[in-house]
1. When averaged across all projection directions, what area in nm² does the alpha-carbon convex hull of the range A:1-82 cover?
2. Probe of 1.4 angstrom, ligands and nucleic acids ignored: what's the accessible area per residue over chain B, in square angstrom?
3. When the Kirkwood radius is taken over all Cα pairs of the range A:204-356, what Stokes-Einstein diffusion coefficient follows at 25 °C and 0.890 mPa s, in µm²/s?
4. List the aspartates and glutamates whose Cα lies under 20 Å from the Cα of B:K10, skipping any in the same chain that are fewer than 8 positions away.
5. Could you sort the residues of the range B:83-97 by number and keep only those whose accessible area is reduced by 20 Å² or more in the all-protein-chain setting relative to the chain alone, 1.4 Å probe?
6. Name the residues of the range A:203-236 whose accessible area, probed at 1.4 Å, falls by at least 50 Å² once all protein chains are in place instead of their chain on its own?
7. Got a sec? Charge dipole of chain A, +1 on Cβ for Lys and Arg, -1 for Asp and Glu; which of A:G273, A:L62, A:G301 is way out at the positive end?
8. Evaluate the distance, in nm, between pseudo-label points positioned 7 Å from the Cα of B:K107 and of B:L132 along their respective Cα→Cβ axes.
Amino acid sequence: MSKNDMIFKFENKPAIYSVGTVAGKKEWEGALPGIYDCHCDDDTFGMPTWEQSESEMQRLALNHALAKLAWDDGKLGLLFAGDLINQCTSSGYGLLDFDVPFLGLFGACSTLAEGIIMTAFTVNAGYVNAAAAVTSSHNCSAERQFRFPVEYGGQRTPTSQWTVTGAGAFIVGRRSLLDIEEKLIEAKNASQSQPSPLFTHVRIAEAMPGRSIECGMNDANNMGAAMAPAAGDTLLRYFTVSGTKPSDYDLIITGDLGYEGHRLTGELLAQKGIHLGNNFADCGLLIYDRERQDMHAGGSGCACSALVMGAYILPKIERGELRNVLFIGTGALMSQMSVQQGLPIPAIAHLVRLIYE
Amino acid sequence: MIPIYKKDYKKYAEKTAQKSNVLVCCIKAFLVGGAICTFAQWLYNMFITRLGEENTRLLVPVVLIFLTALTTGLGWFDKLAKHAGGGTLVPITGFANAISSAAIDSKNEGWVLGLGSKIFTIAGPVILYGTLASVIYGVVLYLLKLAGAGGA
């Protein structure tokens, strides 16, 4: 155990109040159908290029999250956002409409966890009353940038994952904001039918940012295997430092390890004597019907965890079905160039503990 | 802290990874590739009686390339290729798809720096090394002929 193995505890327990989710066609028809705030049947969102479609999804997601609270952007003190496209242009363009200071993030597919950690830091410290973490990924813009043209007729390996089309915006605020609480209860009573309602019980309790881990994997078609050691490393550090064991949690959910990474993470931790049980899940395995939709190893991308966490897991915490959840956002920190140069893929995994309160 | 992964992690991850079913892939590729070639032979038989051999040799690939570009644009080709693999890749359809899909993809970046420079991103290596291989083949053939001529 090194002195850097530190769990950041948020004594003011920042709360996730509102989440806006935007999904593409395959996600809308996937294993968790129809739970997102909005979707588009042709994945273009009315835009001429895939990159602009992705920006539009971010704009829609944050608008949905704000609209649920009946807020305008003036209530937000900070925006943390990131995506997979070079120089995070999807976030830069997508958040143009919002008059809020914006800090860009890059954590590949772990961006959501990174964003939630950053909002929790700033809100917990009292610098801002509320902040938002926004992220997106689009299958077509990611395919274009990292792999082949969208219409190229290639075969994907069984280990490859499908980049999720979607965006999520998570608004995190101080628990003690009285006017928020009143509005929340008001708004909650008014709109029970919303796909993912407002949250009054979801708190961010702890965070443990990950380290960059490289384990020799250089196959960009098997990102799950590249990310598994990072996820295992963060979990191992967390269990060691906190003195807890997997069965203490209702759910331990990773971002987008997919079939390969999920299996390998379990095996790596088992070697260290930590046995993950049935409460170990992965957003990439939950989002699609892998057999019916032919999704190979599952979903990936920033939006993978954003959609599953925002529209599926957080409502479960809100209802009290899950009371103690470890969310581990996983990311492969490679570029097309690093892969072409044959470098092994570094990966990262950020841990966030979410609780019902 | 000791790294969590084993020293031979990469080997282990690759060994235990899910594999494609080679037999099924081969059968699919054989059937689709065979169907494309049969179709091309049918075109050949159709054209040769009416247009002569020289025009036919030109027209058969042209028809295949056109159909590939059309189905690529309509978004059908990649759905077939996903199952067919080498069956659609090896005939001229694979080459046509590589070019047309890159062209469609990069049109938003402009005619010169987008479409113009990126149209051959996938097909470019095939053209370069195909030409290079044909040059080497030509030289070898030339030397063989020289040797053959000397022997005679």
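1. Values: hull surface 35.9 nm².
Its average projected convex-hull area is 9.0 nm².
2. Details: 10200 Å² over 152 residues.
So chain B comes to 67 Å² accessible per residue, rounded to a whole number.
3. 158
4. In chain and number order, the partners are A:E214, A:D219, A:D233, A:D256, A:E260, A:E267.
5. The answer is B:G85, B:L89, B:N97 - residues whose exposure falls by at least 20 Å² when every protein chain is included.
6. Output list: A:M217.
7. Checking the options against the dipole of chain A, the answer is A:G273.
8. 3.3
The values are calculated or read from the model by the stated rules, or taken from the named source; none is laboratory data. Please read these numbers as outputs of a predicted model, since none were measured by experiment. All Cβ positions, glycine included, derive from the backbone under ideal geometry; neighbour counts span all protein chains shown. We work out accessible area using only protein heavy atoms, side chains counted, and drop any ligands, DNA or RNA first. Shrake-Rupley method; radii C 1.70, N 1.55, O 1.52, S 1.80 Å.
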